[in-house]
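Below is one structure; the comments refer to it alone.
The values are calculated or read from the model by the stated rules, or taken from the named source; none is laboratory data. Keep in mind that what you see is a predicted model, and the values were worked out from it rather than measured. Cβ sites come from the backbone with ideal geometry, for glycine too, and all protein chains shown count toward neighbours. With ligands, DNA and RNA removed, areas are computed over all heavy atoms of the protein, side chains included. Shrake-Rupley method; radii C 1.70, N 1.55, O 1.52, S 1.80 Å.
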Amino acid sequence: MPGLTASLLVQTCLVYGVRPPAVNLDIVIVDLKKMFPLIFSLGESRGSSRRRGFFWKLRQRWKLLGLFEIDKDHEFYPLTCDLKEGLKDAVQDAIQSEAAQPILTDEDFSAKLTQGHEGYDMRTYAGPVFKHFRQSLGISEESYQRSLSSCGLYLQFISNSKSKADFFLTNDKQLFLKTQSKREVHFLLQILPKYIQHFQSYPHSLLVKILGVHSITRAQEKKKYFIIMQSVFFPDERITGRYDIKGCHVSRWTEPESEGSRVLQVFKDQNFEGNVICLDQQRSWLLRQTELDTLFLKELNVLDYSLLVGFQPLHQDEKNQSWSLANLIVRTKRSVNGTGSPTTSQCASVPGTVEEESESTDKEDDGTELSDTPDVTSTRRAPMKKIGQQVSTVSDISEVMAQNRRLLPNYKNPLHVMDGPELRYFIGIIDIFTVYGLKKRLEHLWKSMRYHGQEFSTVSPSRYSQRLCHWVQTHTV
């Protein structure tokens, strides 16, 4: 797109609150300099602070538009190119490695694969475990690799999250890449056996599906840790409403854009008031699964997670469709033992306990300690040993009921999609890494005094779990 045309288009879209197509902000700024030389020359003569302020306001306004392509002029373009190449090779190693064993071992959970590339190193954590998990979800390694390394540009997602994390979305919008702190990654690896076991116990869990954990160390830069997870809001072409729910009211309002705006917004609890999730017969399943998932997070001493809720209107043919016997058989098979649903026969057994941190820890390249994980190269893998016994295939209705399975829809992303009479809902639980430690306890004490008698986010994991379950109960029919 020619420079001045791009600039005028962006200005028009910003005035009318319309989301423009992906264009490069740096090109726009260069064009604005050409269009308004006097303003920029004054900025230069009076110092750089005013100029930086102008650019910052322009960029902040641009960021409200949510998603845009990371092209060759974007600041993150070199990083995303390295991520694509590094992840392609990491998944290729998983493809070429021996077939996944039915039993996961301690070595699988502590494995690390380091691969050197020109200008950076890519490290994969617990690769065999996540390969197992992806297979249990019906995700082939080839399709996973294609999504991560396709020639299409990554997208940057700008959220209103308080964290400083960067969010990238694959071009097909199926996978999120999110940067994490070293502490968060260490916590995830520590609870990973319990996380995998939870999905074995409750295959249709609403918890976010974490598909990989990696780090990248680029020349003269700090190590970046990131996770790969399935997008709850996929496919998103028809989604008309998105909400991030925590079950409280303090600071839980997002100011809507003007009517007719196409800005991508994620609203909060107070915005949802007056609405309900209409699921009819599936309501009891959602209540039970929310209870099971939040109980699990309470046992991990975790809080501040969110229930994502998205919805889109059903087309008339989707409302009135009558399922054939063949379709019901396919859905039943998929729900009990097939693609898109973790099954006990596909998943491996997991060591039953999470061991405490060892005194002898392996040091990371930056001189700090992450976990007691032996380094595994692409040509040498730790020997496998059997722990426990493989779980048998689901065989009777009592086991299906105990696992709280439901009849999955024959759609993409079935574990997060539920249809009501009028709307299709996308529901999932995300952000499960905040531990109720000393910092959060002090924050709770301070907020208790500041917001006396009001519901705020930072409460004990027990209270947090109860409150979110109550929200689901009172906002569903």
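Remarks
- Some residue of segment 146-166 being closer than 23 Å to Leu297 by Cα, part of a loop (DSSP other than H, G, I, E, B) and open to solvent by less than 40 Å² (accessible area, probe 1.4 Å): yes
- Phe311 vs. criteria assigned to a strand (DSSP E or B), open to solvent by 20 Å² or more (accessible area, probe 1.4 Å) and among the hydrophobic types (A, V, I, L, M, F, W, C): yes
- Checking Ile196, Ile191, Ile239 one by one, the residue that is open to solvent by less than 20 Å² (accessible area, probe 1.4 Å), part of a loop (DSSP other than H, G, I, E, B) and over 26 Å from Gly119 (Cα atoms) is Ile239 and no other.
- Filter result (outside any helix (DSSP H, G or I), of a type outside the set (Ser, Thr, Tyr) and closer than 12 Å to Leu189 by Cα) within segment 106-142: Ala111, Lys112, Ala126
- Residue pairs whose Cβ atoms lie under 9 Å apart, sitting 6 or more positions apart in sequence or on different chains, and linking a residue in segment 440-464 that is within 21 Å of Glu299 (Cβ to Cβ) to a partner that is outside any helix (DSSP H, G or I) and of a type in the set (Lys, Arg), are Ser457/Lys246; Ser457/Arg252; Tyr464/Lys246.
- Candidates Gln265, Gln270, Gln197 - the one that is under 30 Å from Lys84 (Cβ atoms) and either in contact (Cβ under 8 Å) with a residue 24 or more places away in the chain or over 15 Å from the mean Cα position of the chain (by Cα) (or both): Gln265
- When Asp269, Asp293 are screened for being over 21 Å from Ile158 (Cα atoms) and crowded, with 19+ Cβ neighbours inside 10 Å, only Asp293 passes.
- Taking segment 50-84 as the range and being touching a helix residue (DSSP H, G or I) at 6+ places or on another chain (Cβ under 7 Å), modelled with pLDDT of 70 or more and either farther than 21 Å from Lys173 by Cβ or not β-branched (Val, Ile, Thr) (or both) as the test, the residues that pass are Asp71, Asp73, Lys84.
- Scan of segment 72-89 for residues that are closer than 10 Å to Tyr120 by Cβ and open to solvent by 70 Å² or more (accessible area, probe 1.4 Å), ordered by number: Glu85
- Strands (runs of 3 or more DSSP E) wholly inside segment 359-477 containing at least 1 residues that are modelled with pLDDT of 95 or more and surrounded by 12 or more Cβ atoms within 10 Å (Cβ to Cβ): 417-419, 423-430
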